[in-house]
Structure formats: C-alpha cells, structure tokens
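**Student:** Below is the structure I would like to discuss, written out as structure tokens.
Readers should treat all values here as calculations from the given coordinates under stated rules, not as data from a laboratory. For clarity, every value in this text was computed on a predicted model and none was experimentally measured. Cβ placement follows ideal geometry from the backbone for every residue including glycine, while neighbour counts extend to all protein chains displayed.
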Ligand code: CMC
C-alpha cells in the first residue's frame, strides 16, 4: 500500500474538505475516509451492500472483475488450479507463501494427526433429525468445536487453525453419513486430504474403498477454485464476527451460515434445482430466460451474475472445461450439462444479459461436477465451505494481526419517526 500526496476534494454545503488517496499494489485507488465523519462534523457515507466501500487493506487475494483476473497471494488461479494441490493452497493463503518441501511435509502430517474429532462429538450427530440440512449441521458442529477445543488466546492460533482445517473434512463427511443412515467412517492418515474426504464420504465398513484418482484430482481443483474470494459476504462475516475478538470457531461457523444463502454459496444447489426444473418443463430454456428478464417475476438465472466479475468469472471458465472432461473420463452422460450449455448460449446472446454483464459464475458448472462425483445436492454448499475454509481463516488471521484492528461497527441513516410521547395502552384506541 502506498499513500500518495494526492487528495480527493469534497464540497458539502459549501464547505470544502480534502481526503488522502490510498493506492494498492495493483494501482487500485481509494479515498481514505477514516477521518471523514470527524472532519465533516458527523456526516457519513451511504453505501448499502458496500459495493463502493473498502472494508480493509488485504494482502491475500486480488480480483480484477473487469478483466476476469483472480490471484491468491499473487499467483494466478489458472496456474494454481492446473499445478497445485488444495493442501498447498491452504498453506499459501494462510501463511502467505508457498511452503518449502519440509514445511509442506510437516503441514500435511500435522493435518493428518488432527483429523479425528472428539469421540463425544458423535453424540451431537445422533441428535440431529435425519433430514437436517448438512450446512446447518456443519455450522453447528464448527461452533461446537469451541466447547471441545476452547480458544485459549492467539498464542494457540496455529493449533486452532490446523484443528479447523483437519476436522472440517471429518465433520462434513459425518454429517453426510448421518443424513443417509450409514456408519461413520474414520479418517485414514495414508490418504491425501481430498482422498481421505472421499473415503469418509463413500466407504462402508463392509467392503474396501479405492479412491478414484480422476475424482480426487477434479475435487482438488474445485476446492482450489473456491479457496478465497476476498471480501465476499461470508469472508466479511468472518471478519465482522472476529472483530469482537471472539474465537476463530464462532467466526468460521458464522461464515458457513452466511455462505449457505442462495445468492452466495447456496447458488450451486439452486443451479441444479433450476436445471432439473427446466428439464421437467420439456427443456424449455427460452421460457426460463424470459422469466429471468421479467421484472414482475422474482426468478433469477441461478449461477449467473456476480457483484465483482463484469466480463467473465475465471473460475467458471476453468470449471466448464473440467465438467466436460470429468464427465468424459467417468463415462457419464448428464442431460443437465446439455441444458446448462444451452442456457449459457441463449443467455450470453441475449441483450438483457449482455447489457447487465451477467455471465456464468463459479456455481454454474460446479454442481454438474459434484453430481458426476456422486456428491448429493444438499452437500454442494458444504463442499464450497470446505473449499472456502482456508480463505476464511486467512481473512480472520489477517484482520486479527492488522495494526488498525477495530471492532466492525457501521453507521446508519436513521429515517424512522421523530421523537413522540408514549401513550399508555389504556388511553389508546
Ligand atoms: N438473473 C437475472 N437477472 C439478474 C441476475 C440473474 N442471475 N443477476 C442480476 N440480475 C439483474 C438484476 O435484476 C439487475 O437488473 P436491473 O438493473 O434491471 O434491476 C441487474 O442484473 C444487477 O443485479 P444486482 O442484483 O444489482 O447485482 P448484485 O451485484 O447486487 O448481485 C448476485 C450479484 C450474484 C447476487 C446476482 O447476480 C444474483 O442474484 N445471481 C444469482 C445467484 C448466484 O448465482 N449467486 C452466486 C454468486 S457467485 C458465488 C459467490 O461468490 O457467492
């Protein structure tokens, strides 16, 4: 970050104020409004949805939404998705650099060492109804980690981080096993992070389970693509909750809850539900494109549009190719892929979508891949959570280490009734 001797001038009711500019390492310019309210005698800025507001200075992820660029710690997402592994990306995001060989070895074996959950935690799973949504279960179970592994201050930070990364896989797989009434499968330390997750999800005690390397690699890629996305709704939630200096588990549990909504990570499940609906309705893609454009309908094309990407979502480009490849390799023909491709073609040549710069986002093709891997729909957003976990941890850690650290506390513009006198209920009509 470079602060320059350049200023923005703002005139309010005849008074002129100057505010310094802040320029990021990719030349993004912002106006430093930290002293805005105190300088202007209590005037504030209004920006619902925070589309114009920088809430922090961050070194983790760079996005250029106009150019379709996404980089973690400077590394292009395309290179990481092609050549790296999810475990390595976790290390990169959380610790800031790619690990050396020995650091990586140590990181992987520590993750393995901590992947079991406290045996008593299984009782929680017993208590949930069988049809409980795994996202609700995951958020609850992450929150419950603070009862088994209490937060003892930042000197135990690394251990807390490792525990979270290691145990979330196990919690997610147990949530799934509970929902289908199968016995829990314990983690195996000879498998990779992803291989172990697949094993806990799909193995049964009565027969051997072999991790399919095609499935393992594509899932690895998917999680890399989801690993961070700077100040999105769930990451901001994690920072917001963390800003009260509570423990990391409660902040991450809140992040899971924020991710669940259909406008955020829940869109991957919603996309498949939408594609199935179109399939049932005689594959009538045009009808649903028309409906999405109709201002009297609340229907939106799920998996389309993004607050930041206004050209293309680089993750969607990688995933579209990966979806075609994995279906081919696994010999699966999914009619929903055909509908998705048709929908994309129709929408991308339609003026409504072109004018508003609405393109397929990461969730558009990820559901097709999850289906091909045998992951059920209600687990899609759980997969997103596992992928996003290192990003949330990195955001939480960065905000905790920030010298300008402050509790998050936005202002508001009050527009309710002015002062009025209370009337006892007996005197009211
Ligand atoms: N289908 C139809 N119209 C849309 C869509 C869509 N998917 N997305 C936006 N629009 C229209 C919207 O109606 C508005 O039109 P107008 O200007 O005429 O009022 C215009 O495009 C701008 O939309 P917005 O809601 O102001 O844009 P936003 O930046 O606030 O919302 C979004 C971004 C992702 C919430 C939104 O595009 C959306 O609801 N998409 C569908 C849900 C989805 O796929 N979410 C996953 C996002 S990617 C994963 C993640 O990072 O969370």
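**Student:** Note down the nm distance, to one decimal, between modelled labels 7 Å out along Cα→Cβ at residue 35 and at residue 407.
**Tutor:** Distance between label points: 2.5 nm.
**Student:** Calculate the all-directions average of the projected area of the stretch 141-281's alpha-carbon convex hull, and give it in nm².
**Tutor:** Result: 10.9 nm².
**Student:** Now, a different point. Quick one: work out Rg over Rh on the C-alpha atoms of the chain, Rh as Kirkwood radius. Write out the running numbers ahead of the final one.
**Tutor:** Working: Rg = 23.6 Å, Rh = 23.6 Å.
Using only Cα positions, Rg/Rh for the chain is 1.00.
**Student:** Does anyone have the angle between helix 193-202 and the longest principal axis of the chain? Alpha-carbon axes, 0 to 90°, nearest 10?
**Tutor:** It is inclined by approximately 60 degrees.
**Student:** Please compute the volume of the convex hull spanned by the alpha-carbon atoms of the stretch 307-358 and report it per residue in Å³.
**Tutor:** That works out to 77 Å³ per residue.
**Student:** Give the calculated FRET efficiency between residue 277 and residue 356 to the nearest 0.05, with a Förster radius of 22 Å applied to their Cβ-Cβ distance.
**Tutor:** 0.45
**Student:** Now, a different point. How far, in nm, would the chain grow between residue 182 and residue 120 when pulled straight, counting 0.36 nm per residue and subtracting the alpha carbon separation?
**Tutor:** 20.5 nm
**Student:** Could you tell me how many cubic angstrom of Cα convex hull volume the stretch 2-64 has per residue? Mind dumping the intermediate values first?
**Tutor:** Numbers: hull volume 6.6 nm³, N = 63.
Roughly 105 Å³ of hull volume per residue.
**Student:** Here's something else I'd like to know. What translational diffusion coefficient, to the nearest whole µm²/s, does the stretch 1-151 have by Stokes-Einstein, given a Kirkwood radius computed over alpha-carbon pairs, a temperature of 4 °C and 1.567 mPa s viscosity?
**Tutor:** D, rounded to a whole number, is 63 µm²/s.
**Student:** Mind giving me the nanometre distance, one decimal, between the label points for residue 57 and residue 7, set 7 Å out from Cα along Cα→Cβ?
**Tutor:** Output for this residue pair reads 2.0 nm.
**Student:** On average over all directions, what projected area in square nanometres does the stretch 34-113 have, based on the convex hull of its Cα atoms?
**Tutor:** Computing the convex hull of the Cα atoms and averaging its projections yields 8.5 nm².
**Student:** Can you give the angle from 0 to 90° between the axis of helix 380-401 and the longest principal axis of the chain, with both taken from C-alpha atoms, to the nearest 10?
**Tutor:** It works out to around 50 degrees.
**Student:** Once Rh is set to the Kirkwood radius over Cα pairs, what Stokes-Einstein translational diffusion coefficient, in µm²/s, holds for the stretch 334-429 at a temperature of 20 °C and a viscosity of 1.002 mPa s? List each step's numbers first, then the result.
**Tutor:** Details: Rh = 19.4 Å.
Here the translational diffusion coefficient equals 110 µm²/s.
**Student:** Semi-axes, largest first, in whole Å: what does sqrt of 5 times each Cα gyration tensor eigenvalue give for the stretch 389-429? Don't jump to the answer; show the numbers that get you there.
**Tutor:** On the way: eigenvalues 430, 37, 17 Å².
In descending order, the three semi-axes are 46, 14, 9 Å.
**Student:** With r as the distance between the Cβ atoms of residue 131 and residue 296 and R0 = 41 Å, compute the FRET efficiency 1/(1 + (r/R0)^6) and round to 0.05.
**Tutor:** After rounding, the FRET efficiency stands at 0.75.
**Student:** On a 0 to 90° scale, report how tilted helix 248-260 is relative to the longest principal axis of the chain, with both axes built from alpha carbons and the result rounded to the nearest 10.
**Tutor:** 90
**Student:** So how do 213-226, 273-286, 170-183 stack up, highest first, on mean other-Cβ count within 10 Å?
**Tutor:** The packing order, highest mean first, is 213-226, 170-183, 273-286.
**Student:** Label points 7 Å out from Cα along the Cβ direction at residue 418 and residue 329: separation in nm?
**Tutor:** 6.9
**Student:** Continuing with the same structure: How long are the semi-axes of the ellipsoid equivalent to the stretch 94-174, from square roots of 5 times the Cα gyration tensor eigenvalues, in whole Å, largest first?
**Tutor:** 27, 14, 11
**Student:** So, one more: Place the peptides 333-339, 409-415, 308-314, 86-92 in order of packing, highest mean first, counting for every residue the other Cβ atoms within 10 Å and averaging per peptide.
**Tutor:** On the way: 333-339: 15.4, 409-415: 8.1, 308-314: 19.7, 86-92: 23.3.
Ranked by mean Cβ neighbours within 10 Å, highest first: 86-92, 308-314, 333-339, 409-415.
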